[in-house]
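The values are calculated or read from the model by the stated rules, or taken from the named source; none is laboratory data. In this text, all values refer to a predicted model and were calculated from it rather than measured experimentally. Cβ placement follows ideal geometry from the backbone for every residue including glycine, while neighbour counts extend to all protein chains displayed.
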Amino acid sequence: MVDLEQYLPILIFLLIAGGLSAAFVFLPMGVARLTGTHNPSAEKLSEYECGFPAFEDPRSQFDVRFYLIAILFIIFDLEAAFLFPWAVSLDLTGWPGWITMMVFLFELAVGLAYAWKKGALEWE
Amino acid sequence: MTAFFESLGMTYGWAWFVATVAGILLIALPLMLAVAMIIYVDRKIWAAMALRKGPNVVGPFGLLQSFADGLKVFLQETIVPSAANKGLFLIAPIITFTVALMAWAVIPFNSGAVLADINVGLLYILAISSLGVYGVVISGWASNSKYPFFSAMRAAAQMISYEVSIGFVLICVVLWAGSFNLNAIIEAQRGHGLGIVNGFFFNLLLFPMWVVFLISSLAETARAPFDLTEAESELVAGYQTEYSSMSFALFWLGEYANVLLMCALNAILFFGGWLPPLDWAPLYIIPGWLWLFAKIFFFFFVFSWVKATVPRFRYDQLMRLGWKVFLPLSLIFVVLISGYLMATGHFA
């Protein structure tokens with residue numbers, strides 16, 4: 001049984017921290033309007049480029065390897081998600097639990113070796 | 001603290017609420033102050049290693065430098081680029097800073113001195129630090145500018161790559177401590193080494209994992225030598241390029257709050273947190289939070305030291321280190337440590 005009451009301070013913390021951060025962002029915007037530093041112009045609001053207008057859509061194609069890394073991350077992070085409950089319940093599951101997880105880890109090691117061999121981890 | 005407010009004549013519910021809010025402010029406000037001071041310390045250490053003086057004009061020894069900087073950015077104009085997605089653009093720094101503060105909810109400052117003593121504290125920290133990548137990616141996307149976009153891609157790939165090995169290192173620690181609760185992990189380190197040293201680092205099987213964790217925490221917080229996300233010669237200022245005023249400062253504050261969190265985690269998971277270094281009665285006279293702060297400061301010095309001395313990695317080297325060295329190594333250690341603990345009857 002999860003005691004949700006333990007998490008109430010975290011919820012209150014979220015509200016306070018979010019409010020604090022929002023105040024930090026929006027308060028200076030109000031202050032700038034009052035003091036007169038808020039003075040936008042077309043040049044100022046254009047995106048950063050080294051002194052000339054940007055000539056390319058910034059949301060251009062990017063390297064597919066970022067995508068591969070994200071997929072690999074999902075696999076290994078899921079694996080970690082299986083390991084967490086296993087790590088604290090080894091006293092209950094004993095040797096059968098340990099051996100089962102070793103089989104699972106071995107399969108994932110094979111997966112990692114395959115990705116390695118295929119060059120998914122290469123980055124030139 | 002609830003009992004104190006109850007003695008002032010409040011009902012239990014209100015007393016609990018006021019005590020919780022007071023506890024939150026007691027964490028958040030000193031944390032912001034600590035971040036301001038630690039930025040100053042960082043600059044001082046960095047300057048000293050380059051035989052410079054560093055900030056020394058504002059206040060005695062330049063101690064008020066960060067506050068002067070803060071006031072300056074507070075009074076600046078917030079520039080929202082016309083091409084940006086305005087809502088997302090302003091939300092990104094809010095997410096970054098909120099998430100950086102929230103992880104501190106489960107950090108134990110002393111025996112029992114923790115805001116939310118949840119039994120899965122370590123999982124909570126892992127989850128919260130994963131959320132940090134949203135602020136970065138959203139800022140890079142919403143800026144609608146080339147450099148922030150590339151930087152956000154890099155940052156996201158870097159953070160998730162090192163999160164994998166951090167996850168496995170945490171499993172090694174949890175295997176030994178038998179709990180996800182940070183207080184229980186600290187208690188498990190009492191007299192761990194030869195019955196006298198408090199800390200998991202004094203353990204031949206966990207010491208390599210600590211080294212992996214330390215280097216991964218540098219990469220996770222994008223500190224030098226892994227600060228490729230803000231490599232100024234390639235990406236100007238990275239995903240912060242289009243930001244100004246306090247929205248820019250929030251990224252900085254969040255980044256340093258995360259660095260402090262990683263230092264705290266190093267101290268808590270491997271160096272006994274609020275326990276003194278040695279399990280020796282006279283050392284317990286010094287309060288636990290002082291020991292914790294001393295350890296955090298020590299690790300922050302290490303972070304600064306690395307920043308001052310180690311040249312920046314190349315991106316392919318960074319990825320190779322994460323996926324081809326740390327991941328297999330930490331996987332092998334999960335097998336080794338769990339096997340060792342099973343064979344020695346640790347769980348019996």
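Here are the numbers for the structure shown:
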item: Leading residue by the ranking (farthest from the other protein chains (Cβ to nearest Cβ)) among those in the stretch B:313-348 that are in a loop (DSSP other than H, G, I, E, B) and surrounded by fewer than 17 Cβ atoms within 10 Å (Cβ to Cβ); result: B:Thr344
item: Residue match in the stretch A:77-98 (condition: closer than 28 Å to B:Gly345 by Cβ, among the polar types (S, T, N, Q) and assigned to a helix (DSSP H, G or I)); result: yes
item: Filter result for the condition that a residue is modelled with pLDDT of 85 or more, of a type outside the set (Lys, Arg) and either in a loop (DSSP other than H, G, I, E, B) or within 24 Å of B:Ala308 (Cα to Cα) (or both), over B:Ile38, B:Ile24; result: B:Ile38
item: Residue match in the stretch B:21-29 (condition: farther than 24 Å from B:Met102 by Cβ and more than 11 Å from chain A (Cβ to nearest Cβ)); result: no
item: Yes/no for B:Ile196 being more than 30 Å from A:Val31 (Cα to Cα) and over 18 Å from the mean Cα position of the chain (by Cα); result: yes
item: Residues (at the interface with chain A (Cβ under 8 Å from one of its Cβ atoms) and aromatic (Phe, Trp, Tyr)) located in the stretch B:87-103; result: B:Phe97
item: Output for the stretch A:67-103, where each listed residue is among the hydrophobic types (A, V, I, L, M, F, W, C) and in contact (Cβ under 8 Å) with a residue 24 or more places away in the chain; result: A:Leu68, A:Leu72, A:Ile75, A:Phe76
item: Qualifying residues in the stretch B:48-86 (those that are without any contact (Cβ under 8 Å) to a residue 40 or more places away in the chain and small (Gly, Ala, Ser)) - the one farthest from the other protein chains (Cβ to nearest Cβ); result: B:Ala48
item: Neighbours by Cβ (under 8 Å, 6+ apart or cross-chain): first from the stretch B:241-252, without any contact (Cβ under 8 Å) to a residue 60 or more places away in the chain; second of a type outside the set (A, V, I, L, M) and outside any helix (DSSP H, G or I); result: none
item: When residues of the stretch B:57-70 are limited to those that are under 25 Å from the mean Cα position of the chain (by Cα) and part of a helix (DSSP H, G or I), the one surrounded by the most Cβ atoms within 10 Å (Cβ to Cβ); result: B:Ser66
item: The stretch B:131-171, subset of a type in the set (S, T, N, Q) and either at pLDDT 90 or above or buried (at least 22 other Cβ atoms within 10 Å of the Cβ) (or both), residue farthest from B:Asn266 (Cα to Cα); result: B:Ser145
item: Among (1) under 30 Å from A:Gly119 (Cβ atoms); (2) assigned to a helix (DSSP H, G or I); (3) at the interface with chain B (Cβ under 9 Å from one of its Cβ atoms) - the single one A:Pro28 does not satisfy; result: (1)
item: Residue under evaluation A:Tyr67, criteria (1) under 25 Å from B:Ala152 (Cβ atoms); (2) of a type outside the set (A, V, I, L, M, F, W, C); (3) surrounded by 16 or more Cβ atoms within 10 Å (Cβ to Cβ); (4) more than 8 Å from chain B (Cβ to nearest Cβ), criterion not met; result: (3)
